[in-house]
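The values are calculated or read from the model by the stated rules, or taken from the named source; none is laboratory data. Because the structure is a prediction, the values reported are computed rather than measured. We place every Cβ from the backbone using ideal geometry, glycine too, and count neighbours over all the protein chains shown. Areas reflect the complete protein model, heavy atoms only, side chains present, ligands, DNA and RNA absent. Shrake-Rupley method; radii C 1.70, N 1.55, O 1.52, S 1.80 Å.
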Amino acid sequence: MEVAAPLLCLAAAVLVWGVLWVWGSWQRVTRPEQAGLPGGGSRTLLVTAHPDDEAMFFAPTILGLARLRHQLFLLCFSAGNYYNQGEIRKKELLQSCDVLGIPPSNVMIIENRDFPDDPDVHWDPERAGDVLLRHVETNGIKLVVTFDEGGVSGHSNHVALNAAVRTLHAEGKLPKGCSVLMLQSVNLLRKYLCLLDLPCSLLLARDALFVLTQLEAAQAQRAMSRHRSQLLWFRRLYVLFSRYMRINSLNFL
């Protein structure tokens, strides 16, 4: 017992220190300061593959950049017509963007046979890059946000967008001063830890980290709820448990 008491005290002290450290770090990352990001008023383009990507995967980034007073644009490469629901899903996307603070005039949905909503079709990175580049140049974009090479869920359409951005970057075609942030894919365990993944996110290297407050998390869930056609039982579980509804870690290209 004489040995156990000091060990218990030490364990309690370490636990308290850990909780305070995580809380302090969380408070810091929920504030607007993010090293390396363009300043307030910058024009930022979110590049997604399907309606609902913006809410399912990028809500913390969208709301975090809104804290920085970025002017947000969305380029969605398909109408999500895999089950012939394209018209419904376009309306749902606009409703979701309204909740997230992206005006309809800043939302562009691509409807092109080159980019079908189909996980078995590999989009041509060159063609996707051409479309993306035109949108960047037309709107004076300073920051592009999209998927990393893992595509979060491994969906081939997500991965193709990363390949398109990487191609533009490698060929030096992006305008001078235009940066690229990629959403970090994580393993299956971390993906469904929700806020329990916060210590791991804080410890691992990243260029930008956005963590939602309780009010912002409710806003993200409201945005996802606008995609009624997609809210099957497993996506409802996703909304409850996925870290991507609360935390986004991103890396610069």
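A few notes on this one:
- Rounded FRET efficiency, nearest 0.05, which uses the C-beta distance separating Phe252 from Arg127 and R0 of 22 Å: 0.35
- Length gained on full extension, Arg134 to Lys176: 13.7 nm, using 0.36 nm per residue less the C-alpha separation.
- For Lys91 and Cys200, a Förster radius of 35 Å and the Cβ-Cβ distance give a FRET efficiency of 0.40, rounded to the nearest 0.05.
- Of the residues Val131, Val180, Val152, the one that moves most in a GNM of the chain with alpha-carbon contacts below 10 Å is Val131.
- Separation of region 35-60 and region 192-234, taken as the distance between their Cα centroids, equals 14 angstrom.
- Inverse mean reciprocal Cα-Cα distance (Kirkwood Rh) of region 122-190, Å: 12.4
- Using a Gaussian network model of the chain in which every pair of alpha carbons under 10 angstrom is joined by a spring, one finds that among Leu188, Leu168, Leu240 the greatest mean-square fluctuation is at Leu188.
- Taking amide H as placed 1.01 Å from N in the peptide plane, the amide H of Gln184 sits under 5 Å from that of Ser249, Leu250, Asn251, each at least 5 places away or on another chain.
- Helix axis angle, 4-29 relative to the chain longest principal axis, alpha carbon, degrees: 30
- Per-residue 3J(HN,Hα) values for region 209-219, derived from phi via the Karplus relation 6.51 cos²θ - 1.76 cosθ + 1.60 with θ = phi - 60°, read 9, 10, 10, 7, 6, 4, 5, 5, 4, 5, 5 Hz in sequence order (x marks Gly and Pro).
- Note on Lys173: lysines with a C-alpha under 17 Å away, same-chain residues under 8 apart excluded, are Lys142.
- From helices alone, the chain scores -14000 deg cm²/dmol at 222 nm; the rule is -39500 (n - 2.57) for each run of n ≥ 4 DSSP H residues, then divide by the residue total.
- Taking every C-alpha pair closer than 8 Å and separated by at least 6 residues, the mean separation divided by the residue count of region 39-252 gives a relative contact order of 28 percent.
- Distance between the modelled labels on Glu149 and Ile110, one decimal in nanometres: 2.1 nm (7 Å Cα→Cβ projection).
- Computed from point charges on the beta carbon alone (+1 for Lys and Arg, -1 for Asp and Glu), the dipole magnitude for region 39-252 about its Cα centre is near 720 Debye.
- Enclosing the Cα atoms of the chain in their convex hull gives a volume equal to 134 cubic angstrom per residue.
- Here the Karplus relation 6.51 cos²θ - 1.76 cosθ + 1.60, evaluated at θ = phi - 60°, turns the backbone of region 152-162 into coupling constants of 6, 9, x, 4, 4, 5, 4, 4, 5, 5, 4 Hz, with x for every Gly and Pro.
- In the context of the full set of protein chains, the chain has a per residue accessible area of 49 Å² (1.4 Å probe).
- Placed amide H near Leu46: partners under 5 Å, 5+ positions off or other chain: Phe73, Leu74, Leu75, Val145
- Dipole axis of region 39-252 (+1 Lys, Arg; -1 Asp, Glu on Cβ), positive-most option in Cys97, Phe252, Ala49: Cys97
- Calculated FRET value between Leu215 and Leu237, using beta carbons and R₀ = 25 Å, to 0.05: 0.65
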